[in-house]
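Below is one structure, written out as structure tokens; the observations come after it.
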Amino acid sequence: MNKAAPVKTSEADVVAQRLWIHLRTIRTEWFLDEPYGVPWFEILGTKKSKQQIDAILQREVLSVQGVKEIVNWSSSFDNSTRKYGCQFTVKTTNGGITSQIAVVSPTI
């Protein structure tokens, strides 16, 4: 028997879920909407600095429906392994604040 998926009711929870899904989807991964997701191969497959990666991901975050602004942002990047991680919270268009969202780059 399948359990029901949890239903998000607050705007901050809905936006956090959108962000979680968007940032964990590799662009072109979903054949029905190839532009959806983050261009992880382009980001980590080329020489980019942590600041450049931060800027790309912050643009991705701000492109998600319901996001008004990034409240705080911290990140780390290991250049030798090309592993990136970030933690952030955002303010929603209705003024809510999401709980902290953590993202780790996929292994490429």
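Using a probe radius of 1.4 angstrom, the carbon and sulfur fraction of the accessible surface of the chain is 54%. The loop-placed chymotrypsin sites (Phe, Trp or Tyr not before Pro) in region 14-108, going by DSSP, that have at most 12 neighbouring Cβ atoms within 10 Å of their Cβ come out as TRP30, PHE31. In sequence order, region 27-43 has phi-based couplings of 3, 6, 5, 9, 5, 7, 8, 4, x, 6, x, 9, x, 4, 5, 5, 6 Hz under the Karplus curve 6.51 cos²θ - 1.76 cosθ + 1.60, θ = phi - 60°, and Gly or Pro positions carry x.
Taken per residue, the accessible surface of the chain reaches 63 Å², heavy atoms only and a 1.4 Å probe. Dividing the mean sequence gap of close Cα pairs (under 8 Å, 6+ apart) by how many residues the chain holds gives a relative contact order of 26 percent. Students often get this wrong, so try it: which of (i) 41, 36, 24; (ii) 52, 38, 24; (iii) 29, 26, 24 is Cα extents along the principal axes in Å as calculated from the structure shown? Structure-derived value, by its label: (i).
Once the Cα atoms are used to define both axes, helix 11-23 deviates from the longest principal axis of the chain by about 30 degrees. Length available on full extension from SER80 to LYS68: 0.36 nm per residue minus the Cα-Cα distance, which gives 0.9 nm. Note that region 91-98 has calculated 3J(HN,Hα) couplings of 9, 8, 4, 9, x, x, 10, 6 Hz, one per residue in order, obtained from phi through the Karplus relation 6.51 cos²θ - 1.76 cosθ + 1.60 (θ = phi - 60°); glycine and proline are x.
Restricting region 1-105 to GluC sites (Glu not before Pro) that sit in a DSSP loop and have at most 16 other Cβ atoms within 10 Å of their own Cβ leaves GLU29. Taking Cα atoms only, the orientation of helix 50-63 departs from the longest principal axis of the chain by about 30 degrees.
The values are calculated or read from the model by the stated rules, or taken from the named source; none is laboratory data. Please read these numbers as outputs of a predicted model, since none were measured by experiment. Every residue, glycine as well, gets a Cβ built from its backbone with ideal geometry; the counts of neighbours run over all protein chains shown. Only protein heavy atoms, including side chains, enter the accessible area calculation; ligands, DNA and RNA are left aside. Shrake-Rupley method; radii C 1.70, N 1.55, O 1.52, S 1.80 Å.
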